[in-house]
Amino acid sequence: MGRTPFVDLGECTDCESCVSLCPAVFVRNPETGLIEVKDLSEYPAEEIESAMSMCPADCIGWEES
């Protein structure tokens, strides 16, 4: 069982700090303009935790898969 990061788009302020801090995981979808999580087999937990701690909206979390 692994964990997958998510972005709560209802709370997201669109600041792009997650994209700047962890571009391997977070990306802005050019079609929708929304921040998305890339579909990866493994996620770099330390980098994601850093992005989570810097998110001003506190909208990044983990979900169990």
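Among the residues of region 1-32, what is the count of those that are open to solvent by less than 40 Å² (accessible area, probe 1.4 Å) and either among the hydroxyl-bearing types (Ser, Thr, Tyr) or at pLDDT below 95 (or both)?
Adding up the residues that qualify gives 3.
Suppose the filter is over 11 Å from the mean Cα position of the chain (by Cα), without any contact (Cβ under 8 Å) to a residue 12 or more places away in the chain and under 13 Å from residue 5 (Cα atoms); does residue 65 pass it?
So residue 65 fails the test.
Among the residues of region 1-38, what is the count of those that are within 12 Å of the chain's Cα centre (by Cα) and not hydrophobic (A, V, I, L, M, F, W, C)?
Selection size over region 1-38: 11.
The values are calculated or read from the model by the stated rules, or taken from the named source; none is laboratory data. Bear in mind that the values here come from a model prediction, so they are computed numbers and not experimental data. A quick note on method: Cβ atoms are made from the backbone with ideal geometry, for glycine too, and the neighbour counts reach across all protein chains shown. We work out accessible area using only protein heavy atoms, side chains counted, and drop any ligands, DNA or RNA first. Shrake-Rupley method; radii C 1.70, N 1.55, O 1.52, S 1.80 Å.
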